[in-house]
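Engineer: Sharing a structure here in structure tokens format.
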Amino acid sequence: MTNNQPLIQVRNLDLYFGAFHALKNVSVDFHAGELVGLVGDNGAGKTTLIRVLCGIHTPTSGEVFFDGRKIVKFHPKLAIDQGIETIQQSVGLCDNLSIARNFYLGREPVKRFLGVPFLDFSRMRDMSTKVIRQFGLRDNVSADDEVERLSGGERQSVKIGRAVEFKNRVVIMDEPTNHLSVREREHVNELAVQLKEQGLLVIYITHDIFQVHKLADRIVIMENGEKVADAMTDSMSAEELEEVIRQGGRVIEKQEAV
Amino acid sequence: MALQAAKPLIRRHSELGIFLIGAVLIVIFATTSEGRWANLYNIGTILQMTATLGLMSLGVALVIGTGEIDISVGSTFGMGALAYLWLAMQIDPVVAVFAALAVGAAIGLFNGLLVTRSGTPSLIITLGTLMIFRGIAIALTEGFSFSIPYADRKGWAYFLFGGGEFLRFNTALYWLIGALVVLMIVLKAMPFGNRLLAVGGSAESAHSRGVRVDRVKLVTFVICGMLAAFAGALEAGKLGFADGSMGRLMELQAIAACVLGGCLLAGGRISLPGALMGAFVLSSIQSYLVVTGVRPQWFLLILGLVVVIAAYGDRTLRQWALKK
Amino acid sequence: MKQLVRSQGLGAIIGVAVMLAAFTLIDFSGWWTIQTLANVTQFTAILAFVAIGQALVIMTREIDLSVGSVYGLAGVAFITLEPALGVPGSFLVAMAMAAFVGVLQGVAVVKGQLPSMIVTLGGLFAVRGVIYVWTGGAIHNFSADARLHPLTRLFGGELLGIEAAIFWLVFVAGLLSVVLWRMPFGNRLLATGGSRESAESRGVRTDRVKIWAFVLCSLLAGFAGILTLCNQPQTHVTLGENMELEAIAAAVIGGCLLSGGRGSILGAILGALIVVSFRYELIALGAPSSWYITFVGAVLIVAVIFNQKLARFLGHSV
């Protein structure tokens, strides 16, 4: 471990959606400068867990500490202000707005005129143009185009570009390589490692254990809303971890029993 | 080739359809009415009608932009008119206008709180408040008379709020233009507008980017209520009296104006000039029927057909523009 | 019992119980009289027809704002055409006109891919306009012969001191309940509203289902108009104005969710009972008649929030 104080500490988290028990007594620590792979089958609760971390869901019970302070109110605005940047799987871009407007949604740069805040269009445009070129979007895509026109991969690139651009302390990536070509995928994975090396906490969510095993320092496996495994990648091979997922966590129980 | 070039323009400006319809209608109306429609007096009347309906439509368009709907505006209009008349007589028109705005803001706040706190569809909530405030308006007018004699309506304050004409047009028109300019700037060039459209485009995405969705909706409902009540005050300022049915069916006309103007009911895509043009077209049709001596009964029938045909035309145009 | 608790009508059943208890406490002697109950049930039956139709449309995740105008149109057509076509003829034509409006709206919604709110808003205006243009504001009456015609008596008469409309309501509601809960069409209707894509992927022709829902809704509204006029044969251009609001209110109070796929016929009837009872009792208590609108609005808001909380409490995701 890099230091003793975890950047994000989750303790005994429970979350219900109506009668559905989505997260069951989850406790996990995340440290700065770490790349953690969060792995599990579909419906294992990975996305739900990180949606708590980025403030979309409020847990039913349990505690979340950020940088040693207990989180009392959950809202994406507060999470972003704290420096938690998330690349969501299905949400994050509004189809009806231009790339530039999406890029700064919620924290628009303003120029004040007589105290009235007006959008700083030139800055919004320059910044987002820089990022979309860097991520290799088609040349005929401009920052003023509506997101509606973008392909799945291009949308993903915009989201990742935005998160990297605003990088602060934590970057959470939910299935970041979906919809991406092989070349784009490698680029994203390189970025994840780079961010980690810059001292950020990177949480990388995927169901592909082999892919993340190569990148991550630590793997957390979830199953049915529970954390079933938490292991350093140098202590367990990808095959062993895959076996854990396949057994739905029973291997670990056996090991613990021994 | 020229048509191809128009595609991106139409894609970006959903209101072009209504401006096209408006232009065609103006030509037809002007040529078939032997000068009874296209004269300064009649245009002035149309613009006065457009002004009050348009102010209401601007508010409704904003609410539609957030993906909600407000059909209580007809009653808010009536309540605004009553508040204005009651206080203008007793105290002062300026105070009365502020009172009307306050009433509108209160109704909007009530709508917005119910919608955002309970998470129920705004259609039902505002249907409920439409009925609540209509009932209150009728009950108020049953006991008291809300009118100011013409002779008493003197002074700049009355003049300013719908009671007079400046450069031959009712002062309400200038309020409308002012509201349009301010709201256009807010919508297009300020962070609030960006967030409003984001909420309508995808509330989930906006939420995940830290936009306080409920707060944006609440503020929009309040603005909508204030605009409707202000429109009611201007109408009352012009007529000098009001009864309990004031503004009835106007909520439907305002929604029709928004749809005609290219506002998408699903939210996220609205055009304020389009909504105004929609209001203008509706007022023009009404006036055309009056000046050509067609029985006013036809208005409802034509209004209904125009709404559906325009919605269909707008959709077809849009689909065509989106095709590569 | 469990089924009852799970059904969408539960909120309305609780509502009716609370309302009856309240009216009994406030106005025992005024409320529990033959006269009051006869009037309330008669008007409830009429509104219930419209509300059931509305409920069917809402279950497919659409809405029909035109029912008040269709109600008026069918009534006006029935009375106005009677001298020319006779009672049975004008009845059939009036129902056909209602069905035609339903088909038009359904096709416009489905094939034109337009929001039903806009289409039926147009329908509300256009049909009301037809009524105005057709009658020119004049009031029409039934001839003495037509009043005594067996069909008129069948729709508007009484049996054992109970209005015919109530028998018709029981019959139609029973029939529709069977269709909705026991036949494939009902299953498809609910599937269409619950998840259109899923229904489509299982081979349900959601287009047809929706058009049928609109037609049924218009037919029921038209039938309600005719029942009213058989009872009180006099038309007015404003016949059925604001009825769409009352019908939506009744359907929503009865547990229909605007998100589609859930609803209850019994609930719609009970919703209508609540709306009508409020109107009657407020007038009976001497409140100005306009307060009634206010109260229906308030009841609507309370009901929709209550039903939603109830549904969440029972574990539905809404």
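Engineer: Can you tell me how many residues within region B:283-297 are within 7 Å of chain C (Cβ to nearest Cβ) and modelled with pLDDT of 80 or more?
Structural biologist: Number satisfying all stated conditions: 0.
Engineer: Residue A:196 fails exactly one of the following numbered conditions: (1) surrounded by 21 or more Cβ atoms within 10 Å (Cβ to Cβ); (2) of a type in the set (D, E, K, R); (3) without any contact (Cβ under 8 Å) to a residue 12 or more places away in the chain. What is the number of that condition?
Structural biologist: Looking at each condition in turn, residue A:196 falls short on (3).
Engineer: Could you check how many residues of region C:97-144 are at the interface with another protein chain (Cβ under 10 Å from one of its Cβ atoms), among the aromatic types (Phe, Trp, Tyr) and farther than 15 Å from residue B:306 by Cβ?
Structural biologist: So the answer is 2.
Engineer: Taking into account only those residues within region C:285-305 that are more than 7 Å from chain B (Cβ to nearest Cβ) and surrounded by fewer than 16 Cβ atoms within 10 Å (Cβ to Cβ), which is nearest to residue B:135 (Cα to Cα)?
Structural biologist: Here the residue is C:289.
Engineer: Follow-up. Among the candidates C:269, C:305, single out the residue that is farther than 23 Å from residue B:248 by Cβ and either in contact (Cβ under 8 Å) with a residue 24 or more places away in the chain or of a type in the set (S, T, N, Q) (or both).
Structural biologist: On the way: C:305 fails: either in contact (Cβ under 8 Å) with a residue 24 or more places away in the chain or of a type in the set (S, T, N, Q) (or both).
Just one listed residue meets the conditions, C:269.
Engineer: Going by the structure shown, is residue A:166 outside the structural domain of residue A:64 (by TED's automatic domain parsing), more than 28 Å from residue B:182 (Cα to Cα) and modelled with pLDDT under 85? Give the derivation first.
Structural biologist: Numbers: outside the structural domain of residue A:64 (by TED's automatic domain parsing): no; more than 28 Å from residue B:182 (Cα to Cα): yes; modelled with pLDDT under 85: yes.
Judged against the criteria, residue A:166 is not a match.
Engineer: State whether one or more residues within region C:232-242 are buried (at least 21 other Cβ atoms within 10 Å of the Cβ) and part of a helix (DSSP H, G or I). Spell out the reasoning first.
Structural biologist: Filtering region C:232-242 down to residues buried (at least 21 other Cβ atoms within 10 Å of the Cβ) leaves C:235, C:239-240.
Still in the running and part of a helix (DSSP H, G or I): none.
The answer is no, given that none of the residues of region C:232-242 is buried (at least 21 other Cβ atoms within 10 Å of the Cβ) and part of a helix (DSSP H, G or I).
Engineer: Applying the selection to region C:48-82, what residues are among the hydroxyl-bearing types (Ser, Thr, Tyr) and either in a loop (DSSP other than H, G, I, E, B) or at pLDDT below 85 (or both)?
Structural biologist: So in region C:48-82, the residues among the hydroxyl-bearing types (Ser, Thr, Tyr) come out as C:60, C:66, C:69, C:71, C:80.
Selection gives C:60, C:66, C:80.
Engineer: Part of a helix (DSSP H, G or I), away from chain A (no Cβ under 14 Å), in contact (Cβ under 8 Å) with a residue 40 or more places away in the chain and over 19 Å from residue B:107 (Cα atoms): which single residue out of B:217, B:238 fits that description? Working first, answer last.
Structural biologist: On the way: B:217 fails: over 19 Å from residue B:107 (Cα atoms).
It is B:238.
Engineer: Here's another thing I want to ask about it. Among the strands (runs of 3 or more DSSP E) lying completely within region A:1-92, list those that include at least 3 residues that are in contact (Cβ under 8 Å) with a residue 24 or more places away in the chain, within 11 Å of another protein chain (Cβ to nearest Cβ) and under 12 Å from the mean Cα position of the chain (by Cα). Full working, then the answer.
Structural biologist: Details: elements: A:8-17, A:20-30, A:35-40, A:61-66, A:84-87.
So the answer is A:84-87.
Engineer: Checking residue B:257 against (1) touching a Phe, Trp or Tyr at 6+ places or on another chain (Cβ under 9 Å); (2) facing chain C (nearest Cβ under 10 Å), which test does it fail?
Structural biologist: Every condition holds for residue B:257 apart from (2).
Engineer: Shifting gears a bit: Can you name every residue in region B:201-214 that is facing chain A (nearest Cβ under 7 Å) and either surrounded by fewer than 19 Cβ atoms within 10 Å (Cβ to Cβ) or among the small types (Gly, Ala, Ser) (or both)? Quick ask: steps written out before the conclusion?
Structural biologist: Here is the first cut: in region B:201-214, the residues facing chain A (nearest Cβ under 7 Å) are B:201-202, B:204-212.
Listed by number, the residues that qualify are B:201, B:202, B:204, B:205, B:206, B:208, B:210, B:212.
Engineer: How many residues does region B:191-214 contain that are out of contact with any Leu (no Cβ under 6 Å at 6 or more places or on another chain) and assigned to a loop (DSSP other than H, G, I, E, B)?
Structural biologist: 4
Engineer: Identify the single condition in (1) at the interface with chain C (Cβ under 7 Å from one of its Cβ atoms); (2) in contact with a His (Cβ under 9 Å, 6 or more places away or on another chain) that residue B:308 does not satisfy, given that it satisfies every other one.
Structural biologist: Every listed condition holds for residue B:308 apart from (2).
Engineer: Moving on. Can we say residue B:198 is among the hydrophobic types (A, V, I, L, M, F, W, C), touching a helix residue (DSSP H, G or I) at 6+ places or on another chain (Cβ under 7 Å), under 30 Å from residue A:172 (Cβ atoms) and at pLDDT 90 or above?
Structural biologist: Details: among the hydrophobic types (A, V, I, L, M, F, W, C): yes; touching a helix residue (DSSP H, G or I) at 6+ places or on another chain (Cβ under 7 Å): yes; under 30 Å from residue A:172 (Cβ atoms): yes; at pLDDT 90 or above: yes.
Yes: the conditions hold for residue B:198.
Engineer: Looking at (1) touching a residue at least 24 places away in the same chain (Cβ under 8 Å); (2) more than 14 Å from chain C (Cβ to nearest Cβ); (3) in contact with an Asp or Glu (Cβ under 9 Å, 6 or more places away or on another chain), which is the one condition that is false for residue B:195?
Structural biologist: Evaluating residue B:195 over (1) touching a residue at least 24 places away in the same chain (Cβ under 8 Å); (2) more than 14 Å from chain C (Cβ to nearest Cβ); (3) in contact with an Asp or Glu (Cβ under 9 Å, 6 or more places away or on another chain) leaves (1) as the failure.
Engineer: Of the residues in region A:143-184, how many are free of Cβ contacts under 8 Å to residues at least 24 places away in the same chain and among the basic types (Lys, Arg)?
Structural biologist: The total comes to 2.
Engineer: With respect to the numbered conditions (1) small (Gly, Ala, Ser); (2) under 18 Å from the mean Cα position of the chain (by Cα); (3) buried (at least 24 other Cβ atoms within 10 Å of the Cβ); (4) within 14 Å of another protein chain (Cβ to nearest Cβ), which one is the sole condition not fulfilled by residue B:245?
Structural biologist: (3)
Engineer: Looking at the structure I just gave you, is residue A:160 touching a Cys at 6+ places or on another chain (Cβ under 7 Å), under 30 Å from residue A:6 (Cβ atoms) and at pLDDT 80 or above?
Structural biologist: Working: touching a Cys at 6+ places or on another chain (Cβ under 7 Å): no; under 30 Å from residue A:6 (Cβ atoms): yes; at pLDDT 80 or above: yes.
When the stated conditions are applied, residue A:160 does not pass them.
Engineer: A further question follows. Just to verify a result, which residue in region B:104-123, among those that are aliphatic (A, V, I, L, M) and buried (at least 23 other Cβ atoms within 10 Å of the Cβ), is farthest from the other protein chains (Cβ to nearest Cβ)? Don't jump to the end; show me each part of the working.
Structural biologist: First pass over region B:104-123, keeping only residues aliphatic (A, V, I, L, M): B:105-107, B:109, B:113-115, B:123.
Okay, now just the ones that are also buried (at least 23 other Cβ atoms within 10 Å of the Cβ), so B:107, B:115.
Numbers: B:107: 12, B:115: 10 Å.
Checked region B:104-123; the qualifying residue farthest from the other protein chains (Cβ to nearest Cβ) is B:107.
Engineer: Additional query: Taking the stated definitions as given, is residue B:153 of a type in the set (Lys, Arg), within 14 Å of chain C (Cβ to nearest Cβ) and surrounded by fewer than 24 Cβ atoms within 10 Å (Cβ to Cβ)?
Structural biologist: The answer is no for residue B:153.
Engineer: Can I ask one more? Please count how many residues of region B:20-54 are aromatic (Phe, Trp, Tyr) and modelled with pLDDT under 80.
Structural biologist: Step one: of region B:20-54, the residues aromatic (Phe, Trp, Tyr) are B:29, B:37, B:41.
From what is left, the residues that are modelled with pLDDT under 80 are B:37.
Result for region B:20-54: 1.
Engineer: Residue B:275 is checked against (1) part of a loop (DSSP other than H, G, I, E, B); (2) touching a Ser or Thr at 6+ places or on another chain (Cβ under 6 Å) and fails just one. What number does that condition carry?
Structural biologist: Failed condition: (1).
The values are calculated or read from the model by the stated rules, or taken from the named source; none is laboratory data. Here the structure is a predicted model, which is why all the values come from computation and not from measurement. Don't worry about glycine lacking a Cβ; one is built from the backbone with ideal geometry, like all the others, and counts go over all protein chains shown.
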